[in-house]
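The values are calculated or read from the model by the stated rules, or taken from the named source; none is laboratory data. Everything quoted here is computed from the prediction, not taken from an experiment. No Cβ is skipped: glycine too gets one built from the backbone with ideal geometry, and neighbour counts run over all protein chains shown. Accessible surface areas use protein heavy atoms only, side chains included; no ligands, DNA or RNA. Shrake-Rupley method; radii C 1.70, N 1.55, O 1.52, S 1.80 Å.
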Amino acid sequence: MKSDIDLKELWSRQTVPAADPSELLKKIGSFRRKGIRRIVVLNVVLLLSIFLIAFIWIYFSPQLLSTKVGIVLTILPIGVAVAYNCRLLPLYKRIDENCSNFDYLNELLAVKGKESFMQTKVLNLYFVLLSLGIGLYMYEYVMDRPLLFGIMAYAAFLLWVAFNWFVWRPKSIGKSRREIEELIRQVKKIRLQLTQL
């Protein structure tokens, strides 16, 4: 058995199927459209939520300060999420099918960086403030009820928070990261193939 194997020679003889740029352009276009659509739909839903919460505040006229603080703490993270989503929209719009591979890569990396910040810092702040706000809001309506009702209401609320924090949030973050990392990998692969020509 030979012990002097030339790894460079073996590597250079390896055949690698060429990446299909047109398929990648379709994926990037689809990624761009889905991203813009997701931001627009999410912003509409969040703005409707703000209007609904404001309507509840005006219509039901809560008496306790804790309820009013809860409403403000509920509206605040929703407003922050809308503002941050509005900052993401131009990044998606800049991803253009006529860009060079280098520009694609830079735009995808910019989107990845902003989404990573959104999925860690902004989303964590959103869930903490939203949970605190809803918990404070519930207090006025639970305190006049029997103790068992209060315990069940807050237990259901804490289960909802736990589900969102431990199941929904990691799942949505993972899906988003996998999608953008796959696009970045494919753009890098095509860029490498073009530099070797």
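Restricting to segment 89-99, give me the number of residues that are open to solvent by less than 30 Å² (accessible area, probe 1.4 Å) and not in a helix (DSSP H, G or I).
1
How many residues, within segment 66-88, are within 21 Å of residue 114 (Cβ to Cβ), in contact (Cβ under 8 Å) with a residue 24 or more places away in the chain, open to solvent by 40 Å² or more (accessible area, probe 1.4 Å) and not charged (D, E, K, R)?
So the count comes out to 3.
Report, ordered by the first and then the second residue, all pairs with beta carbons closer than 6 Å, sequence separation of six or more or different chains, a first member in segment 132-149 that is free of Cβ contacts under 8 Å to residues at least 40 places away in the same chain and under 14 Å from residue 65 (Cβ atoms), and a second member that is open to solvent by 90 Å² or more (accessible area, probe 1.4 Å) and outside any helix (DSSP H, G or I).
Within 6 Å, no pair qualifies.
Looking at this structure, is residue 138 among the hydrophobic types (A, V, I, L, M, F, W, C), open to solvent by less than 70 Å² (accessible area, probe 1.4 Å) and closer than 28 Å to residue 186 by Cα?
Spelling it out, it is not the case that residue 138 is among the hydrophobic types (A, V, I, L, M, F, W, C), open to solvent by less than 70 Å² (accessible area, probe 1.4 Å) and closer than 28 Å to residue 186 by Cα.
Does segment 155-177 contain any residue that is at pLDDT below 85, open to solvent by 50 Å² or more (accessible area, probe 1.4 Å) and not hydrophobic (A, V, I, L, M, F, W, C)?
Yes, some residue in segment 155-177 is at pLDDT below 85, open to solvent by 50 Å² or more (accessible area, probe 1.4 Å) and not hydrophobic (A, V, I, L, M, F, W, C).
Which residue, of 39, 71, is under 17 Å from residue 123 (Cα atoms) and touching a Phe, Trp or Tyr at 6+ places or on another chain (Cβ under 8 Å)?
Working: 71 fails: under 17 Å from residue 123 (Cα atoms).
The conditions single out 39.
Taking residue 173, is it touching a Phe, Trp or Tyr at 6+ places or on another chain (Cβ under 9 Å) and closer than 30 Å to residue 87 by Cα?
So residue 173 does not fit the description; no.
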